[in-house]
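As structure tokens, the structure follows; a few thoughts come after it.
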Amino acid sequence: MERTTNMTSGSPTKLILRFAFPLILTNLGQQLYTIVDAVIVGRGVGVEALAALGATDWLYWAVLWAVQAMTQGFAVLVSQTFGSGNKQDFRKAITMSVLLCAIIGTLLTAAGIALALPMLQLLKTPDNILAGARTYLTTMYAGTLVVMAYNMSAGFLRSVGDGKSPLIAMGVAGSCNILLDLLFVLVFRWGIIGAALATLLAQLIAFVYCLSVILRMSVFTLSRADWTPDGAVMATLCRLGIPLALAQMIVVVGGIVAQSAINTYGYVVVAGFTATNKLHGLLDCSATALGAATSIFIGQNWGANRLDRVKAGLRRAVIIGIVLACCIMAVMLVFGRQVVSLFVSANAAHAAQVLDTAYQYLFILSLFLVAAYLMNVYRYALQGLGDSIAPMLSGVFEFFARAGAALLLPQFIGVTGLFCMDGLAWVAAGVFQLVCFYYDLHRIETKGLAYRGAGG
């Protein structure tokens, strides 16, 4: 059961690829949740139901991305303490992460449930899909602690170099999600709420599996003393995790502005955007996987004070990212129309218009994929160095680029302007993070900075 990987020695390329590949498959499995929901709801219930799911995207991503970013930030300290070999700091990083996740997850759940309807109304959600959107969003918010628990446990495993266990967990959960979707939506006829319940139950299964692996690994053996609250460690975790969560929240605010603009075009356009948005995760799930692998590699080597390997790992990650982005872009440009057609029955009302909207959006997104991959590499590299401020500030760049495109470009080129908003946001954030990473690296080299432990 000891699947840990020490990344402070060996080929950076092989280590990053070996870690990233199972994580890519894991992310694909996680994206399968929302894709299966959309396909089954779109084909089994109808275009309006598909649009209702799409109307919740940015509002749910506000919580989901915040949870993922925060737990990834916590995992940075776990990987750093693991790389440093300080077992006491490592155990404290684990226990204080659990306590913080429980507290913050509870607060997010309460806030999400209370604000679901007002936020949907603020986004000018069309009346004919408002009730369905509220049902789906409220149910998903109610399961925030489940999502938090899975991302936290998977982050712990990845921090010690175990990318296989989260992959297995997601494979099992993905299969269960498909079966539960078919059962709840098509057999029980529970509609949108059935899709939400299927997703949350699948996440619960993934968490239970990851937890079972953690409990059997000696590196995670904890004592009662490890659970004593430690303000210094909690402060370090918050310094690493909270700014990353805020960065995602800022990004989401820009997305919410964009969603509000999209909603004004009616539910048919919303449905087209939804179809491609469900593929959005597939397009860049390899980017986030590569970024996470880069973060763990850099975190462990930074913890071991191996700056030479930090630089080598970053160079390899950039090359891998460009190659992956070009391959995925080629596939989407050639087969994109066939892919988006999975979401809508050919006999559905307005099917042709929905598919045209979805494919045009997918085509433009694909052209910007290299920017998305490089943005993720540099964002996660900064996290690996313990810099959570630059990724947070990059969210401001994403916000202005996305919101500005959503508000201004449609005035000149119509709805096509909305298709460009994500790509422009990736470019703006990527350039900023590239500059910040090399600034951090220069500062570390000239001042001789070194890793200072869990409380530092």
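Table for the structure above
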item: Evaluation of Leu355 against (1) modelled with pLDDT of 85 or more; (2) under 24 Å from Val36 (Cβ atoms); (3) aliphatic (A, V, I, L, M) (one fails), failing number; result: (1)
item: Checking Lys92 against (1) over 30 Å from Ser341 (Cβ atoms); (2) among the charged types (D, E, K, R); (3) open to solvent by 40 Å² or more (accessible area, probe 1.4 Å), the condition it does not meet; result: (3)
item: Filter pass, Ala312 being farther than 18 Å from Ala371 by Cβ and in a helix (DSSP H, G or I); result: yes
item: Matching residues, region 120-143, being of a type outside the set (Asp, Glu) and open to solvent by 50 Å² or more (accessible area, probe 1.4 Å); result: Gln121, Leu122, Lys124, Asn128, Ala131, Arg134, Thr135, Ala142
item: Any chance Met217 is open to solvent by less than 60 Å² (accessible area, probe 1.4 Å) and within 19 Å of the chain's Cα centre (by Cα); result: no
item: Filtered residue count, region 424-439, keeping only those that are more than 23 Å from Ser366 (Cβ to Cβ), open to solvent by less than 10 Å² (accessible area, probe 1.4 Å) and not hydrophobic (A, V, I, L, M, F, W, C); result: 0
item: Cβ-Cβ under 7 Å pairs, at least 6 apart or on other chains, region 202-220 side closer than 23 Å to Gln88 by Cβ, far side among the small types (Gly, Ala, Ser) and surrounded by 18 or more Cβ atoms within 10 Å (Cβ to Cβ); result: Leu211/Ser153; Val213/Ser165; Ile214/Ser153
item: Matching residues, region 405-423, being surrounded by fewer than 23 Cβ atoms within 10 Å (Cβ to Cβ) and either touching a His at 6+ places or on another chain (Cβ under 9 Å) or without any contact (Cβ under 8 Å) to a residue 24 or more places away in the chain (or both); result: Leu408, Leu409, Gln411, Phe412, Ile413, Gly414, Gly417
item: Any pair with Cβ under 7 angstrom, 6 or more apart, that starts in region 283-310 at a residue that is under 16 Å from Gly85 (Cβ atoms) and ends at one that is among the charged types (D, E, K, R) and surrounded by fewer than 24 Cβ atoms within 10 Å (Cβ to Cβ); result: Asn301/Arg309
item: Selection status of Lys87, on the phi > 0 side of the Ramachandran plot and either of a type in the set (D, E, K, R) or in contact with a His (Cβ under 7 Å, 6 or more places away or on another chain) (or both); result: no
item: Residue satisfying condition, being in contact with a Ser or Thr (Cβ under 6 Å, 6 or more places away or on another chain) and more than 30 Å from Leu407 (Cα to Cα), within set Asp181, Asp230, Asp226; result: Asp226
item: Scope region 232-266; condition farther than 26 Å from Leu99 by Cβ, in a helix (DSSP H, G or I) and among the polar types (S, T, N, Q); matching residues; result: Gln259, Ser260, Asn263
item: Boolean, Thr109 is modelled with pLDDT of 90 or more, open to solvent by 10 Å² or more (accessible area, probe 1.4 Å) and part of a helix (DSSP H, G or I); result: yes
item: Of all residues making up region 297-309, the number that are crowded, with 24+ Cβ neighbours inside 10 Å and at pLDDT 85 or above; result: 3
item: Arg402, sole failed condition from (1) free of Cβ contacts under 8 Å to residues at least 12 places away in the same chain; (2) under 21 Å from the mean Cα position of the chain (by Cα); result: (1)
item: Subset of region 360-384 that is surrounded by fewer than 21 Cβ atoms within 10 Å (Cβ to Cβ) and touching a Ser or Thr at 6+ places or on another chain (Cβ under 8 Å) - its residue that is modelled with the lowest pLDDT; result: Gln360
item: The listed residue being buried (at least 18 other Cβ atoms within 10 Å of the Cβ), closer than 23 Å to Val160 by Cβ and under 22 Å from the mean Cα position of the chain (by Cα), out of Leu283, Leu314; result: Leu314
item: Residue in region 6-15 that is open to solvent by 50 Å² or more (accessible area, probe 1.4 Å), farther than 27 Å from His280 by Cα and β-branched (Val, Ile, Thr) present; result: no
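Here is a yes/no grid of residues against (1) over 19 Å from Phe437 (Cβ atoms); (2) at pLDDT 80 or above; (3) assigned to a helix (DSSP H, G or I); (4) not small (Gly, Ala, Ser):
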position: Val268; (1), (2), (3), (4): yes, no, yes, yes
position: Cys285; (1), (2), (3), (4): yes, no, yes, yes
position: Arg316; (1), (2), (3), (4): no, yes, yes, yes
position: Gly321; (1), (2), (3), (4): no, yes, yes, no
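The values are calculated or read from the model by the stated rules, or taken from the named source; none is laboratory data. Everything quoted here is computed from the prediction, not taken from an experiment. Note that we place each Cβ from the backbone using ideal geometry, even for glycine, and neighbour counts take in every protein chain shown. SASA here: full protein model, heavy atoms, side chains in, ligands and nucleic acids out. Shrake-Rupley method; radii C 1.70, N 1.55, O 1.52, S 1.80 Å.
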